Structures are given as structure tokens and as C-alpha cells.
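The values are calculated or read from the model by the stated rules, or taken from the named source; none is laboratory data. On a predicted model such as this, the values are computed, not experimentally measured, just so you know. Positions of Cβ are generated from backbone atoms using ideal geometry, with glycine treated the same way; all protein chains shown enter the neighbour counts.
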Amino acid sequence: MTAVFVVEDEPLAAEAHAAIVERLTGFTCSGTAGSLAAATAALLGPDAVDAEVLLLDLHLPDGNGLELVASLRRSGLRPVVLAVTADRDLRAVKSALGAGVADYLLKPFTASVLEAKLARAAASSAAARVALDQRRIDRAFETLHAEPELQKGLQQDTLALVRRELAGGAALSASEVAEAASLSRPTARRYLEHLVAEREVERRSRYGQPGRPEFEYRLR
């Protein structure tokens with residue numbers, strides 16, 4: 001259901017607009033307000049109502065309806081705004097469009113005109129939701145596949161070299177990785193231990209070699 005909030009200072013007009021919204025399939029009127037203050041409280045207060053589409057009279061007793069649009073945008077809310085006005089001045093129309101109004105309804109208008117405008121607004125709102133959901137999904141995948149933050153002093157390119165040497169599946173010692181990747185043994189071991197801590201690599205003692213005991217590392 002597309003939630004439509006009506007801001008209209010004439011009670012009979014507000015009631016008529018709400019009735020048109022309610023009789024349209026897929027729409028519901030989430031509330032009405034007769035002033036800028038009442039609309040602000042309803043949409044931005046602690047018990048804020050939903051408003052995917054805002055049917056907004058621009059000339060209200062306590063201010064201009066565009067002030068409400070600006071307040072909503074500052075709060076991160078961007079309903080599709082249908083401006084209702086009797087003002088036919090082209091400069092006023094351009095000003096409203098620049099402030100975030102999506103479409104205009106010039107008074108007086110018929111129920112069929114309002115229905116057509118609401119249908120267009122609902123389609124625009126649905127498209128915006130899809131785009132927003134896609135951006136959220138994209139950000140989630142970026143976070144999921146982002147490289148983990150490295151310890152101080154470690155570099156991603158060197159870590160990639162160490163991973164590459166282990167990619168063959170063989171169990172290698174720090175000395176063997178260091179030689180293959182042209183690194184010092186302490187550097188290779190530091191990166192290998194980082195991968196152990198990240199649970200990418202398992203470490204085991206290597207037996208059967210003379211001299212000092214050594215560990216070997218293998219990708220999990």
C-alpha cells in the first residue's frame with residue numbers, strides 16, 4: 001500500500017482528498033494536517049506516520065508548504081511531493097520544482113486528475129525504493145567482501161604474495177614461503193601468523209627435520 005499524507009488547510013478539501021486516496025486500490029491515507037506545524041509534528045514527531053506521497057497545499061496559515069519539504073529532506077525523508085496550489089505564476093512553479101516538488105495540481109482539479117497524479121507518484125516512489133534497496137545490497141556486499149583490516153605494519157600486496165605461495169595446497173614453512181616470495185623469514189612468518197589469527201591458515205609443527213623445530217602452514 002502506498003501511504004499518502006494530505007496537508008490542506010481547508011477541512012472540506014482535506015476530507016475530499018483523503019476520500020479519493022482511500023478509494024483507490026493500493027493507496028491509503030496515513031493522515032491529514034491543516035497547518036505547517038501540525039504536518040511537521042505528524043511526519044517528524046516521535047509518533048511519525050508513513051508518507052510515501054505527500055499531497056501538499058503550498059499556502060498554509062502558518063507558512064509555505066515548501067518549508068515542510070525542506071524539513072523532511074534535512075531529516076533524510078524524501079516522499080514524492082504533489083504540490084496543490086492556485087498559483088499559476090511560472091516562477092513559483094519553477095521554485096517549487098527546484099525545492100523537491102515532483103508534480104503540480106492546480107486548483108480547482110477533478111478527482112480523475114488527482115487519481116492520475118497519485119498513480120504516477122506511486123510508480124515514482126516504488127522506483128525510488130528499488131534503487132534504495134539496491135544501494136543497500138551493494139553496500140552490504142562491499143562490506144562482506146572487503147579485506148579485513150590489517151595489523152599495523154602489514155601491507156595488502158605482501159599478504160597477497162604469501163597467500164599466492166600457499167594457494168597450491170602444500171604445507172610450507174616460513175623459510176619456504178620467504179624464499180618463494182622473496183621476503184625475509186621474519187616478514188614471511190609475521191604474515192603467516194596473521195593468516196593463522198584470521199583462521200585462513202592452519203599451523204602445525206613439522207617433525208623429522210634435524211635442528212630447530214619448525215612450523216608449517218597450510219590454507220584451510
Only one of (1) out of contact with any Phe, Trp or Tyr (no Cβ under 6 Å at 6 or more places or on another chain); (2) at pLDDT 85 or above is not met by residue 96, so which one is it? (2)
Just to check your reading of the model, which residue among 90, 72, 55, 114 is over 18 Å from residue 36 (Cβ atoms) and modelled with pLDDT of 85 or more? 114
Would you tally the residues in region 99-122 being of a type in the set (Ser, Thr, Tyr) and loosely packed, with under 13 Cβ neighbours inside 10 Å? 2
Test for residue 52: is it touching a residue at least 40 places away in the same chain (Cβ under 8 Å) and acidic (Asp, Glu): yes
Region 187-202 - residue that is surrounded by 14 or more Cβ atoms within 10 Å (Cβ to Cβ) and of a type in the set (Lys, Arg) and, of those, farthest from residue 152 (Cα to Cα): 189
I'm trying to understand the selection: among the residues of region 33-44, which are under 22 Å from the mean Cα position of the chain (by Cα) and exposed (fewer than 15 other Cβ atoms within 10 Å of the Cβ)? 44
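Residue-wise test of (1) at pLDDT 90 or above; (2) farther than 26 Å from residue 88 by Cα; (3) out of contact with any helix residue (DSSP H, G or I) (no Cβ under 8 Å at 6 or more places or on another chain).
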position: 18; (1), (2), (3): yes, no, yes
position: 30; (1), (2), (3): yes, yes, yes
position: 36; (1), (2), (3): yes, no, no
position: 60; (1), (2), (3): yes, no, no
position: 64; (1), (2), (3): yes, no, no
Scan region 8-27 residue by residue and report those that are loosely packed, with under 14 Cβ neighbours inside 10 Å and either under 21 Å from residue 66 (Cα atoms) or β-branched (Val, Ile, Thr) (or both). 10, 11, 25
